[in-house]
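Written below as structure tokens is the structure these notes are about.
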Amino acid sequence: MFRSLYSKLAFVLMAVFLVVGSIMILASQQMIEAGRLLELAADLIIGAIAFSLLAAFIVFKFLTRRLRDLAESVDGFLASGFARPVSLPTTHPTGDEIDRLASAFQEMSERIAKQLRDLERMNEQRRELLANVSHDLRTPLTSMQGYLETLLLKEGALSPDESRNYLQIAAKHCDRLGKLVRDLFELTKLEAHQVKPVMEIFPITELAQDVAQKFELAARSRGLRLITTIAPETPTIHADIGMMERVLENLIENAMRYTPSGGTLGIDIRPSGNRVVICVSDTGGGIPSAELPQIFERYYQADRGEFGNTGNAGLGLAITRRIVDLHGGHINVKSTLGEGTTFSIDLPAEGDGGNTR
């Protein structure tokens, strides 16, 4: 009923007026009966003054108490460097103007404090990113420079096979450097929302089989088995076929990278209601549970044992997550140490109306 400040003030003034007025009426009746009119007038003046002072004091107290609490909270928020959000004892988003102001300020302070924490975390990640990029760029560049300088210094002294071997190693490092630059460029565009997917309807099952066939030879050369399982009646999806191919390639490459010889890689596709679920699993060493929430951060590399020490830049999963988000899907990971890891993606099936951004 009394949600506005004006109604509350009016109610307080009315209550004070009724109390003081009742006292004055009772007093005046006694005075009239005694024929003391002059005293009655004086008492009425004094009563009016007392009423005004009492009403002013109540209104002043009513307003300044909550405003003082809010001001003290603002001072504390400033003194903390905007790091400690305001916590007021009573805030009502649907209360009067002061309540709504306090509630809005408390919510604003929480958001500001959270944004500051996020900025600090991003700055830390940016420093790590620069350090890791510098390292990953320097390593192939140093190797390329070393082999090319060797070719120049020993020109004519090396056999054709030795020269070819040096050139092949230099070309391998050049490919690695080019892939890192492409990944950085692609991730930057995805994070800046500069990439627009070209949507079309296609069977994800056929794309998965094509990608699996592409990796079949590489898997065999590493002593790995690549098994593809496709459920019947899996619906088509509405997505960017090039981006979906990149997602599958990233996940399979990631699984191959961390699976020792003799292990198994699995690609499983099945319908789930009005969604399509794609799972890529491996029988590698697994990921510690404490590190699972961070593995999709750019340049974060979980410790996955000796098979994880491959010099990989660690951008593939970050790119994968952003592509999946762009298609209105979700990506999750489950891992057990010593048993393996499974990445699961669910995408809206054709006609589901999943949001793309």
Query raised in the report: How high is the FRET efficiency between Arg225 and Glu128 when r is their beta carbon distance and R₀ equals 41 Å, given to the nearest 0.05?
Result: 0.70
Report summary line: With T = 10 °C, eta = 1.306 mPa s and Kirkwood Rh from C-alpha pairs, the Stokes-Einstein D of the stretch 218-267 in µm²/s is about 128 µm²/s
Query raised in the report: Label-point separation (nm) for Ser272 and Ile201, each offset 7 Å from Cα along Cα-to-Cβ?
Result: 2.4 nm
Query - Highest average packing first - 161-170, 273-282, Cβ atoms within 10 Å - result: 273-282, 161-170
Report summary line: Quick calc, Ser22 & Lys61: beta-carbon distance into FRET formula, R0 25 Å, rounding 0.05, result 0.70
Query raised in the report: With a ≥ b ≥ c the root eigenvalues of the C-alpha gyration tensor of the stretch 177-261, is it rounded (a/c under 1.5), prolate (a/b larger than b/c) or oblate?
Result: oblate
Query raised in the report: For Glu72 and Met108, what does the FRET efficiency come to when R0 = 25 Å and r is the distance between their Cβ atoms, rounded to the nearest 0.05?
Result: 0.90
Query raised in the report: Separation between the Glu155 and Cys174 pseudo-spin-labels, each 7 Å from Cα along Cα→Cβ, expressed in nm?
Result: 1.6 nm
Query raised in the report: Taking a ≥ b ≥ c as the square roots of the eigenvalues of the Cα gyration tensor of the stretch 77-230, is the shape rounded (a/c under 1.5), prolate (a/b larger than b/c) or oblate?
Result: oblate
**Report entry** Cβ-based net charge around Leu116, under 14 Å, with every Lys or Arg adding one and every Asp or Glu removing one
**Finding:** +1
Query - Segment Gln194-Ala83, extension gain: residue separation times 0.36 nm, minus the distance between their alpha carbons - result: 36.7 nm
Query raised in the report: For Val211, what charge total do you get from the other residues with a beta carbon under 13 Å from its beta carbon, if Lys and Arg give +1 and Asp and Glu give -1?
Result: -4
Query - Size of charge dipole - the stretch 65-171 - debye, nearest 20, with Cβ of Lys, Arg +1 and Asp, Glu -1, no other charges - result: 160 debye
Report summary line: Kirkwood-based Rg/Rh on the Cα set of the stretch 104-162 evaluates to 1.56
Requested in this report: Place a +1 charge on the Cβ of each Lys and Arg in the stretch 153-290 and a -1 charge on the Cβ of each Asp and Glu, then give the dipole magnitude about the Cα centre in debye, rounded to the nearest 20.
Outcome: 300 debye
Query raised in the report: Among Ala171, Leu158, Met144, whose Cα lies farthest out toward the positive end of the dipole of the stretch 130-209, if unit charges sit on the beta carbon of Lys, Arg (+1) and Asp, Glu (-1)?
Result: Met144
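Throughout, read-outs are computed from the coordinates displayed, never taken from laboratory work. Because the structure is predicted, anything quoted here is derived from the model rather than measured. FYI the Cβ positions are ideal-geometry reconstructions off the backbone, even for glycines, and counts take in every protein chain you see.
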